[in-house]
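Undergrad: To start, I am sharing the structure in question, which I have written as structure tokens.
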Amino acid sequence: GGVDTHFRYLGLIPYDHVLSLNAASAAMINPSRFEGWSTPIEEAKAFATPLVLADIPIHREQAPDALFFDWQSADGAAAALRNIAGRAPRVHTAAGVLITAQAVRLDAHARALLETVQAARATIAA
């Protein structure tokens, strides 16, 4: 059978959903054949999200433990996807919980930044 029922192409999504979706995903797939140091790969690494990457030098440098496939081979890409689909499911935190936690962290960072700016302003005014 195919692997199409195991994967979801999301297209363009709001960035505030990216980290939550990343943490809740079985894997992050990057088929790019032209890549610089990739922020999405770093984000996936931060969540220990398994990586399925096109076999290009920068991907090997950035994520040596990833599952690689030949970007020129549809069969190779399909085999990598079957490998991921056949793995035991990851234990995931509910996306809603992750989104809420992300909002709490953003609020805390915003408050800390505001306090820092206010303290700097008070120092300058004194």
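Undergrad: Check P64 against each of (1) closer than 29 Å to V104 by Cα; (2) at pLDDT 90 or above and name the one condition it does not meet.
TA: (1)
Undergrad: So, in the range 51-71, how many residues would count as being under 11 Å from P31 (Cβ atoms) and either open to solvent by 40 Å² or more (accessible area, probe 1.4 Å) or in a helix (DSSP H, G or I) (or both)?
TA: The number of residues fulfilling the criteria is 4.
Undergrad: Can you run down the residue pairs with Cβ atoms below 7 Å, 6 or more apart or on separate chains, where the first is in the range 100-124 and part of a helix (DSSP H, G or I) and the partner is hydrophobic (A, V, I, L, M, F, W, C)?
TA: Qualifying pairs under 7 Å: Q102/L19.
Undergrad: Looking at (1) under 30 Å from F34 (Cα atoms); (2) touching a helix residue (DSSP H, G or I) at 6+ places or on another chain (Cβ under 8 Å); (3) part of a helix (DSSP H, G or I), which is the only condition A80 fails?
TA: With (1) under 30 Å from F34 (Cα atoms); (2) touching a helix residue (DSSP H, G or I) at 6+ places or on another chain (Cβ under 8 Å); (3) part of a helix (DSSP H, G or I) applied to A80, the lone miss is (2).
Undergrad: Among the numbered criteria (1) in contact with a strand residue (DSSP E or B) (Cβ under 9 Å, 6 or more places away or on another chain); (2) assigned to a loop (DSSP other than H, G, I, E, B); (3) in contact (Cβ under 8 Å) with a residue 60 or more places away in the chain, which one does R90 miss?
TA: Evaluating R90 over (1) in contact with a strand residue (DSSP E or B) (Cβ under 9 Å, 6 or more places away or on another chain); (2) assigned to a loop (DSSP other than H, G, I, E, B); (3) in contact (Cβ under 8 Å) with a residue 60 or more places away in the chain leaves (1) as the failure.
Undergrad: Can I ask one more? Give the range 16-45 a look and list any residue that's out of contact with any strand residue (DSSP E or B) (no Cβ under 6 Å at 6 or more places or on another chain) and open to solvent by less than 20 Å² (accessible area, probe 1.4 Å), or say none. Full working, then the answer.
TA: Restricting attention to the range 16-45, the residues satisfying the condition of being out of contact with any strand residue (DSSP E or B) (no Cβ under 6 Å at 6 or more places or on another chain) are 16-26, 34-43, 45.
Listed by number, the residues that qualify are S20, N22, A23, S38, I41.
Undergrad: Which one is nearest to P57 (Cα to Cα) among residues in the range 15-39 that are without any contact (Cβ under 8 Å) to a residue 60 or more places away in the chain and assigned to a helix (DSSP H, G or I)?
TA: Only one residue tops the list, namely T39.
Undergrad: Just the residues that are in contact with an Asp or Glu (Cβ under 9 Å, 6 or more places away or on another chain) and open to solvent by 50 Å² or more (accessible area, probe 1.4 Å), please, taken from the range 76-126.
TA: I99, L106
Undergrad: Is it the case, given these coordinates, that A48 is surrounded by fewer than 17 Cβ atoms within 10 Å (Cβ to Cβ) and within 22 Å of A85 (Cβ to Cβ)?
TA: Details: surrounded by fewer than 17 Cβ atoms within 10 Å (Cβ to Cβ): yes; within 22 Å of A85 (Cβ to Cβ): yes.
Criteria met by A48.
The values are calculated or read from the model by the stated rules, or taken from the named source; none is laboratory data. Not measured: the values here are computed from a predicted model. Using ideal geometry, Cβ is built from the backbone for each residue, glycine included, and neighbour counts are taken over all protein chains shown. Each accessible area value is taken on the protein alone, full model and side chains, heavy atoms only, with ligands, DNA and RNA left out. Shrake-Rupley method; radii C 1.70, N 1.55, O 1.52, S 1.80 Å.
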